[in-house]
1. Please give every one of the lysines within straight-line cross-link reach of residue 267, meaning a C-alpha to C-alpha distance under 19 Å, and leave out same-chain neighbours fewer than 8 residues apart.
2. Counting only heavy atoms of protein chains, what accessible area per residue, in Å², does the stretch 281-328 have with a probe of 1.4 Å?
3. Stretch residue 248-residue 327 to full length: gain in nm at 0.36 nm per residue minus the Cα-Cα span?
4. Compute a Gaussian network model of the chain, connecting alpha carbons closer than 10 Å, and tell me which residue from 170, 31, 238 fluctuates the most.
5. Mind jotting down the distance between the C-alpha centroids of the stretch 212-280 and the stretch 65-120, whole Å?
6. With angles folded into 0 to 90 degrees, how steeply does helix 177-193 sit against the dominant principal axis of the chain? Use alpha carbons for both and round to 10.
7. Roll a 1.4 Å probe over the protein chains and send me the accessible area per residue for the stretch 117-230 in Å².
8. When the Karplus curve 6.51 cos²θ - 1.76 cosθ + 1.60 is applied with θ = phi - 60°, which whole-Hz ³J(HN,Hα) does each residue of the stretch 166-171 get, with x for Gly and Pro?
Amino acid sequence: TTPIEVATAIVRGTQAAGHVLAARGETAKPVLSCFMGAHGVPEGMRSLQKGHIPSYPFPESAAMALARAVRYARWRSEPEGREVHFDDMDLGTARMVVEGARRRAQPGENVWLTPEETRALLSAAGLPLVPVLSAATAGQAALAASHLGFPVAVKLDSKTLTHKSDVGGVVLDLESEDQVRRAFADIEQRLQARGQRDQMDGVTVQPMIGEGVEAIVGMSHDPSFGPVLMFGLGGVYVELLRDVTFRVHPVTDRDVTEMIRTVRGFKLLEGWRGAPPADIVALEQAILRLSQLVGEVPEIAELDLNPLKVLAVGKGCMAVDARVAVRA
């Protein structure tokens, strides 16, 4: 755009409007007008409306409107995305798992899947999970840890307490069977002190995944838009950092690319301060698989993969923890 300067001390507003209209007829560039302090086109200068020339009260407002128009034009010029479907997803098993859980639900309420059901559902969708073993006692937990190999993490197993960290239900970096037994006892004691011991079904034991960038991928139902997918970085810090982005289901490959690259922490995935670049392709595939799962099994009410460890390029990604709720 080319600014048109008119000495307002000697030229009336109607004359200024005439200059603006004349400029509009001589150029193919967008033309915007600014009459300081006037909201909309001032009286007596309706000719600007006939020429489809917008008017703004301040130059900053005109610049912001033009910038948004440019961004919108760039968005319109990009190729449309496409929905991706994976033929290797075992949707029959996924539906069977969900239907089995729904039989436990009270009318009108959601029910949380057990760890075993969650693993079966996500495995059927091709969503990678860290190996997990369940244990009802401290001794079983120690044997499970020995089988998986140290170091391990021990986490509360509960159908009702879904935020394990909030109740002291997560113990990391355990190096021996004795430490695992103590971790089991500590979780028991913390819940006992809170009056919630009866909500503990046992623990799950899984190997520690030290490398990779922690992310969260999730889905929930919005009353207006239906299923909404979420992506963010931060693992347990996601609620603090709020570095997340959302898209309405179903998402396309283009949507997923934008989701991942618009969070502030994207540089961590690119490789920050000498860290290896993360497997962004595998992360995109995980989000697209989640989108297909939600579409094929609409009874899923809520799903979180948190944290989802995004490993180095070529190594994929892996869900360290997950929770899924289904509607009755």
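The values are calculated or read from the model by the stated rules, or taken from the named source; none is laboratory data. For clarity, every value in this text was computed on a predicted model and none was experimentally measured. Heads up, the Cβs are rebuilt from the backbone with ideal geometry, glycines too, and the neighbour counts pull from every protein chain shown. Accessible surface areas use protein heavy atoms only, side chains included; no ligands, DNA or RNA. Shrake-Rupley method; radii C 1.70, N 1.55, O 1.52, S 1.80 Å.
1. Cross-link targets: 309, 315.
2. Counting only protein heavy atoms, the per-residue value for the stretch 281-328 is 29 Å².
3. Values: separation 79, 0.36 × 79 = 28.44 nm, distance 1.92 nm.
In short, 26.5 nm is gained.
4. 31
5. 14 Å
6. The angle comes out near 70 degrees.
7. Result: 45 Å² per residue.
8. Values, residue by residue: 5, 10, x, x, 10, 10 Hz.
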